[in-house]
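The values are calculated or read from the model by the stated rules, or taken from the named source; none is laboratory data. None of these values were measured; they are calculated from a predicted model. Here Cβ is always computed from backbone atoms with ideal geometry, including for glycine, and neighbour counts include all displayed protein chains. Please note that ligands, DNA and RNA were not included when accessible areas were found on the heavy atoms of the full protein model with its side chains. Shrake-Rupley method; radii C 1.70, N 1.55, O 1.52, S 1.80 Å.
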Amino acid sequence: MIGFQNTQGTVEVSQKYFAQLISKATSECFGVSGMVDSPYNGMCNYVSKHKFFNNGVKVHTSNGKLIVDLHIAVTFGINIEAIVKSIVHKVRYTVEENTGFEVGKVNVFIDAMTSAE
């Protein structure tokens, strides 16, 4: 659970909710072919329109702001800088709009590349 104190009490949101919300937002970005379970196992899970994987997303807090770590796979031949900018913008907007929590940083780790089919 990630919680923040406000004037009316404490607001807590589960890690599962954040993982699903962020996975969905990330999967909608052009060039993302999947979420990577762990940077160490090298196994890539592909994200489809009907199923979202919670792996590859880690959320924690620092100084009252959310820090999001994403481990993804991208499609070979796509501009990585453009993909990362798109992901950072989309994740920040989606989380802040849906939870009201401020996102301090979105770290994107590209752990795999897949071929375009």
Residue pairs within 7 Å by beta carbon, gap of at least six or interchain, first lying in the range 88-117 and without any contact (Cβ under 8 Å) to a residue 12 or more places away in the chain, second part of a strand (DSSP E or B) and among the hydrophobic types (A, V, I, L, M, F, W, C), listed first then second, are Glu96/Val103
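Table: residues versus (1) at pLDDT 90 or above; (2) open to solvent by less than 70 Å² (accessible area, probe 1.4 Å); (3) out of contact with any Asp or Glu (no Cβ under 6 Å at 6 or more places or on another chain).
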residue: Ala25; (1), (2), (3): yes, yes, yes
residue: Met35; (1), (2), (3): no, yes, yes
residue: Asn55; (1), (2), (3): no, yes, no
residue: Leu70; (1), (2), (3): yes, yes, yes
residue: Val88; (1), (2), (3): yes, yes, yes
residue: Glu97; (1), (2), (3): yes, no, yes
residue: Glu102; (1), (2), (3): yes, no, yes
Screening Gly31, Gly42, Gly3 for residues that are at pLDDT 75 or above and either open to solvent by 60 Å² or more (accessible area, probe 1.4 Å) or farther than 18 Å from Gly104 by Cα (or both) leaves only Gly31
